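Okay, structure first, notes after.
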Amino acid sequence: MVRKESGFTLLEMMIVLTVFMVCLAAALIPLRSIADNVNDRQFFQQVERDLFEAQAYAIAKKVNIVVHFFEDERNDYHIYTLEQPRKMIAKRKIPNRFIHDERSIGSFTFLRTGTTNRFGSIYFTSEEKSTRLVFQIGRGRFYFVEE
């Protein structure tokens, strides 16, 4: 009986496919954390843009702007004018992986001059890390700190 030497056996194919699947699975495992990091970065950039917009609006229109984070334990933030009728500047969802931290200041106001009426931190805490949004006293400046 003459054997054909040109093909692969079923066992060889199964071994190759198993190795391929293990390599593919190993590559996809960190993909979830990479996607979460990208989404977090995009969220914090959006918060920063919204706060800059609110501060600029307060200075340009000479009105006070109120900013609320995690109001009534909801995962959102909203920015609106203090004048009547209230004008909504921004209302956005906070990703569900961030939980409300009792140490956070709940709300603050951008005054007509662009400064804030309060200083302190807003904490965005998840299972992996905690990020603080820090408001400095007197100037209306803010920045993010990853802990």
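So for Asp50, Asp72, Asp101, fewest C-beta neighbours within 10 Å to most, what's the order?
Asp72, Asp101, Asp50
For segment 1-109, which chymotrypsin sites (Phe, Trp or Tyr not before Pro) are in a loop by DSSP, counting at most 13 other Cβ atoms within 10 Å?
Phe8
Can you give me the relative contact order of the chain as a percent, contacts being Cα pairs under 8 Å and 6 or more apart?
15
Roughly how far apart, in whole Å, are the Cα centres of segment 28-59 and segment 65-123?
Measuring centre to centre over Cα atoms gives 15 Å.
In deg cm²/dmol, rounded to 500, what helix-only [θ] at 222 nm does the chain give when every DSSP H run of at least 4 residues adds -39500 (n - 2.57) and the total is split over its residues?
-13500 deg cm²/dmol
What per residue convex hull volume, in Å³, comes out for segment 19-59 when only alpha-carbon positions are used?
33
Could you work out how far helix 10-61 tilts from the main Cα principal axis of the chain, as a 0 to 90 degree angle to the nearest 10?
10
Within 10 Å of each candidate Cβ there may be at most 16 other Cβ atoms; applying that plus a DSSP loop requirement, which trypsin sites (Lys or Arg not before Pro) in segment 1-76 survive?
On the way: sites: Arg3, Lys4, Arg32, Arg41, Arg49, Lys61, Lys62, Arg74; in loops: Arg3, Lys4, Lys62, Arg74.
Sites meeting the loop and neighbour criteria: Arg3, Lys4, Lys62, Arg74.
7 Å from Cα along Cα→Cβ at both Asn96 and Phe8: what's the point-to-point distance in nm?
4.1
Assuming R0 = 30 Å, what is the FRET efficiency of Tyr143 and Glu83, from their Cβ-Cβ distance, to the nearest 0.05?
E between Tyr143 and Glu83, to the nearest 0.05, is 0.60.
Step through the residues of segment 77-85 one at a time and calculate ³J(HN,Hα) from phi using the Karplus curve (6.51 cos²θ - 1.76 cosθ + 1.60, θ = phi - 60°), rounding each to whole Hz and writing x for Gly and Pro.
Karplus values, whole Hz, x for Gly and Pro: 9, 9, 10, 8, 7, 8, 6, 9, x.
Using Cβ counts within 10 Å as a stand-in for footprinting exposure, how do Val63, Val145 rank, fewest first?
Ordered from fewest to most neighbouring Cβ atoms within 10 Å, Val63, Val145 come out as Val145, Val63.
Fewest to most neighbouring Cβ within 10 Å: what's the order for Val66, Val19?
Numbers: Val66 17, Val19 10.
The order, fewest Cβ neighbours first, is Val19, Val66.
When the Karplus curve 6.51 cos²θ - 1.76 cosθ + 1.60 is applied with θ = phi - 60°, which whole-Hz ³J(HN,Hα) does each residue of segment 109-118 get, with x for Gly and Pro?
10, 7, 7, 4, 8, x, 7, 9, 7, 9
So if I restrict to the alpha-carbon atoms in segment 35-146, what is the Rg, and what is Dmax, the biggest pairwise distance, in Å?
Using the Cα atoms of segment 35-146, the pair Rg, Dmax is 13.6, 41 Å.
Every number here is computed from the coordinates shown, using simple stated rules; none is lab data. Note that the structure is predicted; figures quoted are calculated from it, not measured. Cβ atoms come from the backbone with ideal geometry, glycine included; neighbour counts cover every protein chain shown.
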